[in-house]
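S.K.: I'd like to ask you about the structure that follows.
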Amino acid sequence: MQYAKYGRVALAIITVGIPLLSTMASASSEEAWSDFRANVEKTCRAAAADSFNVETIAVDPFGSKHFGLARLTGHERGTKKRLQILCAYDKQTQQAEIGGPMDIKTDMQAGKRQ
């Protein structure tokens, strides 16, 4: 009958341990995602720095399967017109590429179809 005693102890450990482990796992996972977002922001800002003054940056919290994604708003060096550029951050290589500047109001936003 000692096995029954050990069974109850094991059940108690499992009952308390599993929720505790999942809380620890989600905390480290959130920390990892936070680090990911900070790295996307830093790398995208650096990729745009030569030609674009970044005023704001919006990072997709998780990105896609292979890429971190960010939208940078600001202006090209030497101009005051506010524009946006998109940045794709390769999760594997940790390199970022930026697209060309786009008007903040696109033809689609103005109600015009292309």
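S.K.: Would you mind stating whether ALA32 is farther than 30 Å from GLN92 by Cβ and modelled with pLDDT under 95?
M.R.: no
S.K.: Can you name the residue in region 37-53 that is in contact (Cβ under 8 Å) with a residue 40 or more places away in the chain and crowded, with 17+ Cβ neighbours inside 10 Å and, of all such residues, is nearest to ASP103 (Cα to Cα)?
M.R.: Applying the filter and picking the extreme gives PHE52.
S.K.: Sticking with this one: Quick one: count up the residues across region 54-75 that are more than 17 Å from the chain's Cα centre (by Cα) and either hydroxyl-bearing (Ser, Thr, Tyr) or exposed (fewer than 15 other Cβ atoms within 10 Å of the Cβ) (or both).
M.R.: Residues that pass the stated criteria total 1.
S.K.: If a residue has to be farther than 15 Å from SER51 by Cα and either of a type outside the set (Ser, Thr, Tyr) or part of a strand (DSSP E or B) (or both) to count, how many in region 69-108 make the cut?
M.R.: Number satisfying all stated conditions: 15.
S.K.: Please go through region 84-96 and give me each residue that is touching a residue at least 24 places away in the same chain (Cβ under 8 Å) and either buried (at least 17 other Cβ atoms within 10 Å of the Cβ) or in contact with a Phe, Trp or Tyr (Cβ under 8 Å, 6 or more places away or on another chain) (or both), ordered by number.
M.R.: Within region 84-96, ILE85, CYS87, TYR89, ASP90, LYS91, GLN95, ALA96 meet the criteria.
The values are calculated or read from the model by the stated rules, or taken from the named source; none is laboratory data. All values reported here derive from a predicted model rather than from experimental measurement. Note that we place each Cβ from the backbone using ideal geometry, even for glycine, and neighbour counts take in every protein chain shown.
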